[in-house]
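The values are calculated or read from the model by the stated rules, or taken from the named source; none is laboratory data. Here the structure is a predicted model, which means the values were calculated and not measured. Quick reminder, even Gly has a Cβ in these numbers, built from the backbone with ideal geometry, and neighbours come from all protein chains shown.
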Amino acid sequence: MLKNLTLAAGVIFFGFAHAETAPPVMLPPAAMTMEGARHALERLSFGPRPGEIEQVHEMGVNRWIAQQLDPNAIPESPALQTALAALPNLTRSDAELYRQEARLRQDKSDEGKSEHQAFNKALADDMATAHLDRALMSNRQLQEVLTNFWFNHFNVFLGKGFDHVWVGNYENEAIRPYVLGRFRYLLEATARHPAMLFYLDNWQNTAPGSRAARGREEGLNENYARELMELHTLGVDGGYSQQDVTELARILTGWGLRTRPERGPYGFVRQPDFTFAFDPNRHDYGDKRFLGYTIKGDSKGWPEIEQALSILAAHPATAKHLSFQLAQYFVADNPPPALVERMAKTWMQSQGDLAAVMRTMIESPEFWRPENEGNKYKTPFEYVVSALRAGNVAPTDPHPLFGELRQLGQPIYGIETPDGYKQVESAWLNPDAMARRLSFATALGTGHLGKDSVFFDEASVRSTLGEKLLPQTDKALAAADPRLRTALLLGSPDFMYR
Amino acid sequence: MNRRRFLLAASAAFALPFGRSGWLLRAAESESGQRRLVVIFLRGAVDGLSVVAPYGDDDYYAARRSIALRPPGREDGLLALDGHFGLHPALQPLMGYWQNGSLGFVQACGSPDPTRSHFDAQLYMENGTPGRGATSEGWLNRLLATLPGPHEPTQALSFGPQMPRILAGPQPVANIALGPAAEKPLAIDRPGVNEAFAQLYGGDDKMSQAFKQSSQARQQMQADMAAPVMDEKEQMAANNGAPLPDGFPGDAARLGHMMRQDPSIRVAFMALGGWDTHVSQGNAQGQLAGRLKPLGEGLSKLVTSLGPAFRDTLIIVMSEFGRTVHENGNGGTDHGHGNVMWLLGGTVMGGKVHGTWPGLAADRLYQQRDLAVTSDFRGVIGSAVTRHLRLPEGAAAALFPGASIGGGAPVLVRA
């Protein structure tokens, strides 16, 4: 059974409280048209719902974008709030989730094992459901698109060790609050989250010969240090050496998790809960030479790490690397170099203010050029979510969609490698993808989603595709069995690109 | 789904005549000794020093206090290969192929590029131009262009929902799902649905090409899967009422079966992840052993299901780089350089660890930490593949532009 979301559920919020704090968004004339409204929704949301193109056009594309750049001022959809309220695991802290997991895994009885399994399944379901529901229903669409982007950029994997209890918490606490703030804070939040510390092994990174290492087989682990530079900040061509990787690994020693009981005053003992902690006994206190800077061994240890993160966040290579990635996601697989350069300049001038970088991109003529419209092949997640949005349908049972995403190669939180999912056409457009997407379109268009019935209205779906369809789409529609027309729309080339 | 249900579905889906591309015709062709190639890519950098371990080097034991494998003959020890190297005990299912000479290795093989980035190193091994990321085609796709026609959509088969870089390029390539889902009919297999979308995707654009390739490949594949295997014993084993198991052994068996049925499949590719063992790698037991076991079982399944076609098949197992010679602080290994390449097949000059072993002494290591590369992967693959597929002189240069693959490359397969 599926429910149709009512348009009354606050699709567009007209008033906004912080208009005076941010300068208005200045767009070229082409952006202020109906097609401009559609392009904005294709890129800055997970795809238009029926009626949205008209609404955004009416209120002014620039005003809608200004709102989206200030998500906290947009009231959230009541339907989404209701859906999220039904997922109690969502708001629990990383420590609480870890403690429950640790307690359950100790019980080796059959009963204990099945309780443990049930907990893990419910947790995985809740997290993926929330992720999907937000993409489908949130009024803060740009924030959700960016949450998806930055999660993928700072990817962690559900399947690695304890990360299955933390991925949802990581998204909610380390990613979403920071996607339109300063990059330095986003970097810090990911660096301190147990999901990242566990995923890239830094919780075990220990100075050889340090107090904690004595008598144990412990020492340096350079996994996080390398990916922190290669993927998270500078980029592989960012001008660092193997020496810099090793030095950064030394700097990062001790940056980890609370894995041992801690004694407090009055005989109080804090049990290990795998929350973030700096362990001074694991740290390397020697001087380091990192990216040309001398980092003095500090008596406290952790300030070196803050210093290294600041160096990385403020580095011109980081500005360039991440401007490129944003432009590749939002503008074109091969983004215009001049645009990337201007975004990187804004990055440096604004000290990594991600909202300012987004604004430079959105206000650019390149963003609105006809050749950059409808040129981004949707990833499986974008394809599935945009299809449901075009039908204004939200699933009561998300499992068939999870299965579909798995088959299409993009399960939620399911990519093992730290580079995340690819965001370009060459990764996703292939024969098997065509067969599966068209089969999914056929199921939806003929009223099926898993065992549920669903109703996709042809005219509504058509209204999200703009004024003109491609000639081959028109031709195929004219020749088709009327029962397949909605399926054809959802499977059309017009719909495969955003 | 069980085989019977699949047969029903497949026959319902494909009432169309197969014509020239019918599998019956192809099955007859399979006697022709058509040479084929399978590439298995271990993403994440497998620890080659644990796959083919140099137990004859004292430096090996000095560098790896907790993760080194014991010499052959000891409890949980290596499987003896040649007196210096031993095979990881989890790869026991492959020992028969070593003994009959169809499994060989090239130690200290790798890329001339120094990168320790997984993603760059994989890119270079797939596009075949180390140091040059901009090459958008993969060397397997360039290889397809050098093969004699006709170039059918099923000439190359990739497993998994994403098309890997190694197969990217103008030559048509089909991909199919991993696991039993590969055999499951989809809505698009229904003639009415297929025809409706064929109207939409009848052009020459990328999507239309992908659509046509997918339609043809799905027909062929489902016919291949539905066809009975020739060997009666094998058929009984295969039928047994159960679907193929999940994971690599199942996919490998599926691949072998399809290649045996369908000689139009000249090249196949599959990638396996989970080799990035920075922490608690283990030795005879543990994380790495747990990955190698299904790999060994799967390769063995691939060989058996290929049946007589194994004679004409070369299977290459490769990985983007090796791992540090010294274990790190967490019972794991970090990103390194040289690795081992595996060659398995009827034409392989096996039973031998090929290549020049640089040793593990401190002054022999690459950048004082890694196994040095003494065989360029382009030379190894270039010479093996061109000989195996009986390609004209100079074909290797087309696969790996810019590489100097001279007569000096080791001879690893019989022509």
Exercise for the section: Just give me the residues in segment A:445-480 being among the hydrophobic types (A, V, I, L, M, F, W, C), crowded, with 16+ Cβ neighbours inside 10 Å, in a helix (DSSP H, G or I) and more than 10 Å from every other protein chain (Cβ to nearest Cβ), in sequence order. Expected result: A:V461
Fill in the blank from the handout: When restricted to A:T318, A:T275, the only residue modelled with pLDDT of 95 or more, over 30 Å from A:S45 (Cβ atoms) and touching a Leu at 6+ places or on another chain (Cβ under 8 Å) is A:T275
Completion exercise
A:A441: passes all of (1) over 28 Å from B:G273 (Cβ atoms); (2) touching a residue at least 60 places away in the same chain (Cβ under 8 Å); (3) assigned to a helix (DSSP H, G or I) but (2)
Fill in the blank from the handout: Only one of A:R182, A:R192 is touching a Gly at 6+ places or on another chain (Cβ under 7 Å), touching a residue at least 60 places away in the same chain (Cβ under 8 Å), away from chain B (no Cβ under 14 Å) and under 30 Å from A:D70 (Cα atoms), namely A:R182
Fill in the blank from the handout: Selection over segment B:115-149 where residues are in a helix (DSSP H, G or I) and basic (K, R) yields a count of 1
Fill in the blank from the handout: Per the filter on segment B:370-402, residues in a loop (DSSP other than H, G, I, E, B) and touching a Gly at 6+ places or on another chain (Cβ under 7 Å) are B:L371, B:A372, B:V373, B:T374, B:F400
Exercise for the section: Hey, can you tell me all the residues within segment B:86-106 that are closer than 23 Å to B:G346 by Cβ and assigned to a loop (DSSP other than H, G, I, E, B)? Expected result: B:N100, B:G101, B:S102
Exercise for the section: Could you check, for segment A:152-169, whether at least one of its residues is among the acidic types (D, E) and within 17 Å of A:R92 (Cβ to Cβ)? Expected result: yes
Practice task
Give me a count of the residues in segment A:282-314 that are touching a Lys or Arg at 6+ places or on another chain (Cβ under 7 Å), surrounded by fewer than 16 Cβ atoms within 10 Å (Cβ to Cβ) and part of a helix (DSSP H, G or I).
Solution key: 1
Handout entry: Residue check, B:L299 closer than 18 Å to B:P89 by Cβ, more than 14 Å from chain A (Cβ to nearest Cβ) and under 15 Å from the mean Cα position of the chain (by Cα)
Key = yes
Practice task
Report yes if some residue within segment A:420-435 is within 14 Å of another protein chain (Cβ to nearest Cβ), within 21 Å of A:N148 (Cα to Cα) and among the acidic types (D, E); otherwise report no.
Solution key: yes
Completion exercise
Here the residues within segment B:105-127 that are within 11 Å of chain A (Cβ to nearest Cβ) and of a type in the set (G, A, S) are B:S117, B:A121
Practice task
Return yes when A:T318 is within 31 Å of the chain's Cα centre (by Cα), over 29 Å from A:W166 (Cα atoms), in a helix (DSSP H, G or I) and in contact (Cβ under 8 Å) with a residue 12 or more places away in the chain and no when it is not.
Solution key: no
Fill in the blank from the handout: For segment B:52-79 the number of residues that are farther than 15 Å from B:L360 by Cβ and under 24 Å from the mean Cα position of the chain (by Cα) is 2
Practice task
For B:P130, state whether it is of a type outside the set (A, V, I, L, M, F, W, C), away from chain A (no Cβ under 12 Å), closer than 24 Å to B:L391 by Cα and surrounded by 19 or more Cβ atoms within 10 Å (Cβ to Cβ).
Solution key: yes
Practice task
With the condition kept exactly as written, say whether any residue in segment B:322-344 is among the aliphatic types (A, V, I, L, M) and farther than 14 Å from B:G48 by Cα.
Solution key: yes
Exercise for the section: Only residues in segment A:277-306 that are more than 23 Å from A:A95 (Cβ to Cβ) and without any contact (Cβ under 8 Å) to a residue 60 or more places away in the chain count as the first member; pair them with residues that are assigned to a strand (DSSP E or B) and of a type in the set (S, T, Y), Cβ under 8 angstrom, at least 6 apart or cross-chain, and list the lot. Expected result: A:D287/A:T294; A:K288/A:T294
Problem - In segment B:171-206, the residues that are outside any loop (DSSP other than H, G, I, E, B), crowded, with 18+ Cβ neighbours inside 10 Å, facing another protein chain (nearest Cβ under 7 Å) and within 27 Å of the chain's Cα centre (by Cα) - result: B:A174, B:N175, B:I176
Practice task
Check off (1) farther than 26 Å from A:E171 by Cβ; (2) within 11 Å of chain B (Cβ to nearest Cβ); (3) touching a helix residue (DSSP H, G or I) at 6+ places or on another chain (Cβ under 8 Å); (4) surrounded by fewer than 21 Cβ atoms within 10 Å (Cβ to Cβ) for A:R483 and give me the number that stays unchecked.
Solution key: (3)
Problem - Condition check for A:V357: within 14 Å of chain B (Cβ to nearest Cβ), touching a Leu at 6+ places or on another chain (Cβ under 7 Å) and modelled with pLDDT of 95 or more - result: no
Practice task
Test A:G403 against the stated conditions and say whether it is under 22 Å from the mean Cα position of the chain (by Cα) and in a loop (DSSP other than H, G, I, E, B).
Solution key: no
Exercise for the section: Quick one: which residue in A:T417, A:T442 is over 30 Å from A:Q325 (Cβ atoms) and either under 20 Å from the mean Cα position of the chain (by Cα) or at the interface with another protein chain (Cβ under 7 Å from one of its Cβ atoms) (or both)? Expected result: A:T442
Handout entry: Test: A:E52 is touching a residue at least 24 places away in the same chain (Cβ under 8 Å), buried (at least 22 other Cβ atoms within 10 Å of the Cβ) and acidic (D, E)
Key = yes
